[in-house]
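Nothing in this text is a laboratory measurement; each read-out follows from the coordinates by a stated rule. Only a predicted model underlies this, so the values are computations on that prediction, with no experimental measurement involved. Glycine gets a Cβ as well: all are built from the backbone with ideal geometry, and neighbour counts include every protein chain shown.
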Amino acid sequence: MYLKKLELKNYRNYSYVNLNFDKNTILILGNNGNGKTNLLESIYYLSTGRSHRTYSQDEIIKWGSDYSIIKALIGSEKNNGIDHLIEIELRKENNIKIRVDKIYQRKKSDFISMLPSVIFSPDDLKIVKSGPSDRRNFLDSILEKLDWKYYRQRLQYQKILVQRSSLIKSISGRAGAASNSTLEVWNDNIVRYGTDIIEKRYRLLAEFRDEFRSYVNSFFKGVEVDLFYVFSWDRGDNLDEYTDYFNAKSYKKENFIENNLKDIFYRKLIESLQKDLLYKTTTVGPHRDDFIILLNGKNIRSFGSQGQQRVASISLKLCELDILRKRIKKDPILLLDDVFSELDIERRKLLVKAVSDRFQTFVTTTNISYLDKLDLEFGNKLLIKDNKIAVSNL
């Protein structure tokens with residue numbers, strides 16, 4: 001599938017947009033602040049049912065308007081394939097109406113699998129540089145694209161986590177049989193739902209581990225790179241000290257997930273009770289897991305250069321692209337939001353080579369010179385200026 005037509009009304013800075021695309025690479029040129037990222041965000045919303053920039057739907061609606069509309073025609077890559085029309089109406093306070101081929105849909109899951117996409121942006125650097133929540137969100141966003149049920153599963157886990165943490169606060173500093181009995185129930189539930197989340201994240205990371213190393217080595221020859229899942233009960237105050245940590249861990253054995261995870265999780269949850277009571281929250285579980293990237297044996301987050309961190313974040317997104325293509329049997333749309341300005345010419349060429357012409361690709365840039373000497377042929381060329389989009393002959 002590919003994006004054939006896009007129509008926006010009252011979306012961010014745009015009053016009205018009506019664009020047609022072909023299957024080739026699309027260039028979007030404009031100065032910062034003119035709405036290039038807003039355009040890519042609308043495409044990403046069609047793909048995932050959410051923004052990659054905000055959790056507030058109200059921010060998407062144009063200032064002074066009560067609603068926003070995203071309308072798209074999804075074309076089939078196969079000859080004589082059937083096109084599909086998606087219409088999304090967003091209103092304030094997270095009200096949403098969805099129609100697919102003129103039929104109202106009750107759930108976002110009824111349309112998000114139709115147009116898979118992966119977005120690359122300078123903000124991806126936070127996956128590597130920022131805290132554990134950004135790395136967890138990266139894994140979770142991929143799993144949600146692969147299976148919408150995963151999103152509901154995480155919501156259920158979060159509800160259980162809130163209930164258990166609330167109970168921890170209520171019994172902190174005192175003993176009570178009834179409270180402890182209730183705590184056992186929440187422990188059972190948090191392990192039940194949490195184990196599945198941990199397992200899916202762990203397996204996903206393991207699935208693209210070799211590919212990640214290959215991508216990084218294509219950008220930086222001769223470096224030793226690896227990545228590992230870090231369970232909440234194994235997290236220390238300083239992951240930079242974990243030089244030989246992962247090579248010694250028994251959970252690297254293939255049968256760890258199948259045979260030991262639930263028992264270990266439950267035991268660690270019980271062992272952490274005094275710590276939980278002290279901090280008045282739940283300190284063990286997938287909500288505190290992480291993963292670490294090691295470059296020449298050291299945590300890239302603290303010891304990697306800006307260029308190495310940038311390449312690691314791009315390599316993670318390339319792994320996402322390949323995982324989606326393999327699992328859902330469709331070529332995702334590729335959204336490159338001003339990423340070439342962050343790379344030198346040789347690494348720009350490597351990125352273009354990695355994605356080649358396999359995907360319908362949208363490329364935004366402030367300066368067309370960033371695309372010089374790259375093997376990119378553009379179908380549509382768009383110029384954004386003064387909140388308007390025009391076809392360009394550049």
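Placing unit charges on the Cβ atoms only, positive for Lys and Arg and negative for Asp and Glu, gives region 302-394 a dipole magnitude near 360 debye about its Cα centre. Counting lysine pairs in region 102-169 that sit 8 or more residues apart in sequence, or on different chains, and whose Cα atoms lie under 28 Å apart gives 16. Each Lys and Arg contributes +1 and each Asp and Glu -1, all at the Cβ; summed about the Cα centre of the chain, the dipole is approximately 820 debye. Mind checking which of I61, L19, L29 is farthest towards the positive end of region 1-130's charge dipole, using Cβ charges of +1 (Lys, Arg) and -1 (Asp, Glu) about the Cα centre? Of the listed residues, the answer is I61. Listed by number, the DSSP H helices of the chain that run 20 Å or longer by alpha-carbon position along their axis and have mean Kyte hydropathy of at least -1.0 are 132-146, 149-171, 177-207, 306-328. Across the options S133, F291, V339, the greatest Cα extent toward the positive end of the charge dipole of the chain (unit charges at beta carbon of Lys, Arg, Asp, Glu) belongs to S133.
Straight Cα distances below 19 angstrom link K268 to the aspartates and glutamates E184, D188, D196, E199, D234, D237, E258, D276, D289, D290, with same-chain residues fewer than 8 positions distant left out.
Listing I127, I300 from fewest to most neighbouring C-beta atoms within 10 Å gives I127, I300.
Charge dipole of region 11-105 (Cα centre as origin; +1 on each Lys and Arg Cβ, -1 on each Asp and Glu Cβ, all else neutral): 60 debye, rounded to the nearest 20. The ranking of R50, R201 by Cβ neighbour count inside 10 Å, starting from the fewest, reads R50, R201.
When F378, F212 are sorted by how many other C-beta atoms sit within 10 angstrom of their C-beta, beginning with the fewest, the order is F378, F212.
Taking amide hydrogens as placed 1.01 Å from N in the peptide plane, the amide H of L382 sits under 5 Å from those of L27, I28, L29, S392, each at least 5 positions away in sequence or on another chain. In the set (i) 160; (ii) 143; (iii) 173, the label that goes with volume of the Cα convex hull per residue in Å³ computed for this structure is (i).
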